[in-house]
1. From the helices alone, meaning DSSP H stretches of at least four residues, give me the mean residue ellipticity at 222 nm for the chain, per-run term -39500 (n - 2.57), in deg cm²/dmol to the nearest 500.
2. Share of the chain's accessible area from carbon and sulfur, percent, 1.4 Å?
3. Near the amide H of Trp541, under 5 Å away, which other amide H atoms are found, from residues 5 or more places off or on another chain, if H is placed in the peptide plane?
4. Given +1 on the Cβ of Lys and Arg, -1 on the Cβ of Asp and Glu, and no further charges, what dipole in debye does the stretch 165-303 carry about its Cα centre, rounded to the nearest 20?
5. Under a 1.4 Å probe, what is the accessible area of the stretch 499-582 per residue, stated in Å²?
6. Which order do you get for Lys493, Lys276 if you rank them by accessible area with a 1.4 Å probe, largest at the top?
7. Roughly how many nanometres apart are two label points built 7 Å out from the Cα toward the Cβ at Thr256 and Ala203?
8. So what's the stretch 499-630 giving for Cα Rg divided by 2.2 N^0.38 Å, two decimals?
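The values are calculated or read from the model by the stated rules, or taken from the named source; none is laboratory data. Computed from a predicted model, the values in this text were never measured in an experiment. Glycine also receives a Cβ, built like all others from the backbone with ideal geometry; neighbour counts cover every protein chain displayed. Accessible surface areas use protein heavy atoms only, side chains included; no ligands, DNA or RNA. Shrake-Rupley method; radii C 1.70, N 1.55, O 1.52, S 1.80 Å.
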Amino acid sequence: MTSTDTIRARPSHAGRGALAKLAALGIVFGDLGTSPLYTLHAIAHATGGHFTPEIALGTLSLILWTLLITVSGKYCLFAMKADNRGEGGILALMSLVGASGYSGRLRVLTIMGLLGAALIYGDGAITPAISVLSALEGLTVAAAPLQRFIMPAAVMVLVGLFAMQRYGTERIGRAFGPIMLLWFVVIAALGAAGIAHHPAVLAAIDPRHAIRFLAHAGTAGFLVLGAVFLCVTGGEALYADMGHFGKASIRSSWYTVVLPAVVLNYAGQTAWMLDKGTISGNPFFQLAPTWAIYPLVALATTATIIASQAIITGSFSMTRQAMQLGWLPDVAIRQTSDRIYGQIYVPVVNWLMMVATVGITIFFGTSTRLAGAYGTAVASTMLLTTCLLYTAMRKLWHWPLPTAVAVGGAFLLVDGIYFVANLYKIADGGWLPLSLAAAVLVLMITWRIGVNAIQEALERMPEAAALLLTQLQAGLIPRVEGTTVFLTRGPQKIPRLVLDHVHFAGALPRHVVVLSVIFAAVPRVEDQSRSTVEEVASGFWHVVLRFGFVEIPGLRSALAHIEGLPAALDLDNAVFVGARDLVVHKPGSRVLRRWRLWLFAFLCRNTVKVVDRFSLPPQNVVEIARQFEI
């Protein structure tokens with residue numbers, strides 16, 4: 001693969017069968033698979049460490065039915081049906097229902113999708129921290145004095161995890177599946193051993209235990225629900241990673257491996273706690289025999305690193321989608337594999353997440369304290385996904401209103417209850433992911449409003465463009481040897497960039513290509529729809545290149561394969577001209593408040609250079625600064 005190739009981003013799961021299922025275990029189910037490390041520990045903390053038979057069966061029943069309704073039902077059966085040409089995730093769903101702009105009647109849906117995406121960033125900063133802390137805390141079961149070393153060790157593990165992202169994860173990723181398969185076998189075996197001592201816990205499959213518990217728990221039940229919700233915090237990954245592995249592989253892995261393993265482990269931990277009555281410490285590790293503690297901690301730490309890797313990779317992919325859909329500024333993206341399109345590295349996201357995650361780890365110190373902050377963002381995202389899913393039921397699947405209300409309402413009820421339960425966590429740390437999400441949402445909307453304002457300014461020059469076209473057709477503009485490609489995201493045949501070039505240079509090259517790069521609200525663009533070519537004047541062409549929001553564009557390669565351009569066009573030595581926009585306040589304008597204008601100007605100054613954005617040779621690229629009043 002050369003640097004100018006366009007990575008088509010085709011899913012590589014087709015025909016792989018068992019290999020795809022094994023890979024899905026590592027990437028998709030890392031978070032869901034490691035949730036037994038901290039879920040019941042958090043529930044025990046919410047109940048004060050006391051476990052009566054009613055509490056034990058009630059909370060286990062809540063866990064079982066939450067997994068069945070939310071993951072097995074909502075995500076595996078319904079959300080995966082709402083795929084955007086094979087891609088999943090809340091941004092893909094937002095585009096699928098037509099909510100890709102920041103105006104009109106779909107604006108509310110757009111904000112829902114953007115807020116859901118922003119909340120995932122907040123969740124992504126907490127997931128590695130709570131996962132690694134909970135794994136390393138198992139050491140205290142064997143040696144309590146090691147407690148003071150847990151947080152520093154977690155920080156070292158997390159710094160190493162983020163530092164290795166630049167090298168890509170394709171090679172170590174091959175081991176993710178087998179390691180996670182071993183993890184699920186081990187936790188299932190531990191759970192089965194616990195159940196053998198107290199098989200009565202299996203009665204929790206009866207949902208009446210959950211209902212009776214909530215009916216008698218009162219307000220305290222919401223605290224327990226906030227902890228129970230941790231069992232499904234990785235549910236969004238099922239939907240978001242659908243394009244990587246396909247529906248069949250994800251569903252099969254969930255129903256045959258992951259769900260049975262985590263259910264057995266939750267039941268085994270509950271059986272152990274029921275025997276003890278009053279507990280302290282993490283029941284996951286106390287379920288294991290003493291000789292197995294250290295190997296189990298090592299395996300758990302590895303599994304949590306894999307779970308963390310999945311959320312980091314997901315954040316990279318979501319950044320690329322948001323950027324190409326026009327909701328985030330262009331940032332540097334490096335492709336770390338020439339075979340797997342999902343293997344990318346986004347430096348700015350990586351280091352910002354590392355600072356946030358390490359800071360969170362140091363501030364909270366233990367997984368028990370961090371559990372108060374965890375889940376709030378995920379509960380909000382799941383609620384927003386349900387709202388968008390209801391729109392898909394009505395708009396795309398054309399379900400009758402009663403059916404859509406019944407199905408969507410059932411999911412909305414469950415998500416709403418957990419959303420309210422997690423609001424109780426705000427004072428204990430839930431404010432943190434919500435604050436991070438709010439900051440990202442403001443950034444997204446500010447960027448979109450500012451870009452739209454610039455685009456409107458560029459479209460206010462039709463007379464100048466028409467005059468230049470007349471002069472071109474009459475041969476009144478001097479031409480010099482060479483080929484120049486003017487890059488623009490707008491649809492104009494003669495953009496301001498060309499007008500400025502003629503104004504200052506007084507001439508145009510012999511061969512001119514105005515290249516409009518458009519990112520569509522679909523994951524991939526088929527070859528037959530990739531490009532359009534129009535000869536505007538002699539030696540002057542307007543080319544539109546379209547890419548999907550998961551594709552990484554290589555412009556020289558794409559141009560070389562376009563039919564309709566003359567062979568005389570020397571693309572190997574062509575000069576690519578791009579623009580770097582500088583914005584200032586326009587007196588009397590209310591497009592952006594002063595602080596948001598400052599933010600937008602800062603983002604404009606720090607967007608990635610054209611040479612890096614489109615994999616162009618540096619010696620062939622010229623960037624022109626231009627100033628706009630908005």
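1. -17500 deg cm²/dmol
2. Here carbon and sulfur together make up 63 percent of the probe-accessible area.
3. Val512, Val513, Val514, Val536
4. For the stretch 165-303, the charge dipole is close to 140 debye.
5. Using a 1.4 Å probe on heavy atoms only, each residue of the stretch 499-582 averages 40 Å².
6. These residues rank, largest area first, as Lys276, Lys493.
7. 3.5 nm
8. 1.22
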